[in-house]
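Chemist: The structure's right below; bear with me while I get my questions together.
The values are calculated or read from the model by the stated rules, or taken from the named source; none is laboratory data. All of these numbers come straight from a predicted model, not from anything done at the bench. Backbone-built Cβ (ideal geometry, glycine too); neighbour counts: all protein chains shown. Surface areas here come from the heavy atoms of the whole protein model, side chains and all, with no ligands, DNA or RNA. Shrake-Rupley method; radii C 1.70, N 1.55, O 1.52, S 1.80 Å.
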Amino acid sequence: MIKRHFFLIAAAVLLGLMVLAAVLKVAFADDDAGGPPGGGRRGGQQVSEATVSQRSFSDQIRVLGVARGQRSVNITSSTTELITRVLFTDGQTVSAGAPLVELQAREEDADIIEARANVAQAQREYDRYKALADRGVAPQVLLEQAETALETARASLQAAQARRGDRVIRAPFAGTLGLTTVTPGTLINPGAVIATLDDTSTIRVDFPLPERYLDVLKAGAPITATADAYGETPFQGRIALIDTRVNETTRAATARAQFPNPGGRIRPGMLLRVVVQQGQRQAPAAPESAVQYEGAGAFVYRIAAGAEGSTAQRVEIVAGAVENGFVEILSGVDVGDRIVGSGLNRIQPGAPVSVPRAQGQRAAAR
């Protein structure tokens with residue numbers, strides 16, 4: 001019996017020692033992990049650290065514009081007539097004056113034949129009277145009348161040829177033709193589109209420019225544009241002209257930009273996002289991940305060092321532009337301030353925080 005009681009007491013003592021050892025181990029582990037050297041408040045949420053730094057920000061005007069060719073026109077006919085020949089293909093690049101379609105011209109062809117016969121007859125009359133006048137047989141007045149008749153016949157021939165030329169519709173300038181549905185035998189009416197012609201060597205974009213920028217931006221200022229078809233690929237251009245009038249409703253003047261378009265990548269009708277740079281300025285900045293927005297305001301958590309360790313202090317800021325992953329800070333914190341870089345939704349104001357030693361050393365080095 002005594003032996004049995006001895007084993008029970010020994011087991012109880014051993015169990016108690018194990019519990020005590022576990023408690024001491026947890027206590028010392030917490031002290032090593034979170035406590036500052038020399039005592040004080042222990043523990044703290046581990047956070048990443050960022051430093052408010054001076055960065056460059058661009059003053060930008062962002063507007064939308066529609067791309068237009070440098071010159072664009074719808075090829076139409078001024079009369080109702082039958083198309084006899086189509087002299088181009090869809091998408092063809094043509095030079096200025098190139099024939100595109102030929103209209104039926106039977107009457108004009110007949111007029112040319114008649115005018116040529118009249119010129120030949122007038123030429124013979126003139127040659128005969130000139131020979132007679134040179135011999136002194138015919139009076140000079142008859143020679144002059146024959147010369148006038150010859151000039152009149154030649155003018156009539158030129159007029160007939162001009163009317164015949166009007167039956168051929170030509171390209172008014174060099175450019176690229178669009179799609180067409182006309183074929184030989186199509187009856188074309190006045191105003192009906194035969195084809196579209198665009199000069200896309202240079203693209204122009206008209207966009208509204210607020211009047212407050214009229215004294216800042218001038219013709220020749222560089223601009224940048226992007227199109228959905230090409231993602232963030234930028235197209236470089238310049239402001240060619242600013243209209244002389246300001247719209248009374250929108251308080252903006254129309255600015256015209258020009259973009260070189262080698263290869264025809266920008267097509268007329270594309271929506272372009274135009275960015276006009278006004279200049280650059282230096283301002284304190286913080287990473288976007290370090291800034292949290294609440295309603296109309298914004299704030300960051302500044303890391304403050306104290307006798308009992310580092311704490312997170314919520315500081316309201318006035319945020320400005322956002323560019324390249326950084327937020328401009330107009331007021332609230334200063335350059336060099338240490339702030340919490342991420343995980344803002346898990347931090348309580350005034351709560352203790354800890355920064356990994358390697359990260360703290362890198363932040364100090366920066």
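Chemist: Hey, among V335, V274, which residue is under 24 Å from S48 (Cβ atoms) and at pLDDT 85 or above?
Modeler: Residue meeting the stated conditions: V335.
A quick yes/no check of all residues on (1) surrounded by 19 or more Cβ atoms within 10 Å (Cβ to Cβ); (2) farther than 16 Å from V47 by Cβ:
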position	(1), (2)
G297	no, yes
R302	yes, no
V315	no, no
G325	no, yes
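Chemist: Out of all the residues in region 159-166, is one or more in contact with a helix residue (DSSP H, G or I) (Cβ under 8 Å, 6 or more places away or on another chain) and either among the small types (G, A, S) or on the phi > 0 side of the Ramachandran plot (or both)?
Modeler: Yes, because at least one residue in region 159-166 is in contact with a helix residue (DSSP H, G or I) (Cβ under 8 Å, 6 or more places away or on another chain) and either among the small types (G, A, S) or on the phi > 0 side of the Ramachandran plot (or both).
Chemist: Within region 234-335, considering only strands (runs of 3 or more DSSP E) that don't extend past its boundaries, which have at least 1 residues that are under 28 Å from the mean Cα position of the chain (by Cα)?
Modeler: Result: 235-246, 252-260, 271-287, 309-323, 326-331.
Each row is one residue, and each column tells you yes or no for (1) open to solvent by 60 Å² or more (accessible area, probe 1.4 Å); (2) closer than 30 Å to R267 by Cα; (3) of a type in the set (D, E).
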residue: R116; (1), (2), (3): yes, no, no
residue: D134; (1), (2), (3): yes, no, yes
residue: R154; (1), (2), (3): yes, no, no
residue: L157; (1), (2), (3): no, no, no
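Chemist: How many residues are open to solvent by 80 Å² or more (accessible area, probe 1.4 Å) and within 10 Å of I203 (Cα to Cα) when one looks only at region 266-279?
Modeler: Final tally of qualifying residues: 1.
Chemist: State the number of residues belonging to region 165-211 that are of a type outside the set (V, I, T) and more than 22 Å from the chain's Cα centre (by Cα).
Modeler: 21
Chemist: Which condition does I169 not pass, out of (1) open to solvent by 40 Å² or more (accessible area, probe 1.4 Å); (2) under 19 Å from N74 (Cα atoms); (3) aliphatic (A, V, I, L, M), if it passes all the others?
Modeler: Failing condition for I169: (1).
Chemist: Let me spell it out: the conditions are (1) outside any strand (DSSP E or B); (2) at pLDDT 90 or above, and D32 meets all of them except one. Which number is the exception?
Modeler: The one condition D32 does not meet is (2).
Chemist: Here is a check on your reading of the model: is A219 over 10 Å from the mean Cα position of the chain (by Cα) and part of a loop (DSSP other than H, G, I, E, B)?
Modeler: Here the answer is yes, as A219 does meet what is asked.
Chemist: I'd like the full set of residues that are out of contact with any Pro (no Cβ under 9 Å at 6 or more places or on another chain) and open to solvent by 50 Å² or more (accessible area, probe 1.4 Å), limited to region 192-213.
Modeler: V193, R204, D206, P208, E211, R212
Chemist: Looking at region 47-91 only, could you name the residues that are over 19 Å from F326 (Cβ atoms), among the small types (G, A, S) and open to solvent by 40 Å² or more (accessible area, probe 1.4 Å)?
Modeler: Those that are over 19 Å from F326 (Cβ atoms), among the small types (G, A, S) and open to solvent by 40 Å² or more (accessible area, probe 1.4 Å): S72, S78, G91.
Chemist: What's the number of the condition G220 fails, among (1) touching a residue at least 12 places away in the same chain (Cβ under 8 Å); (2) surrounded by 11 or more Cβ atoms within 10 Å (Cβ to Cβ)?
Modeler: It is condition (2) that G220 fails.
Chemist: Another question, then. So, restricting to strands (runs of 3 or more DSSP E) that lie completely within region 45-135, which ones have at least 3 residues that are of a type in the set (G, A, S), at pLDDT below 90 and within 41 Å of the chain's Cα centre (by Cα)?
Modeler: Here the list reads 53-76.
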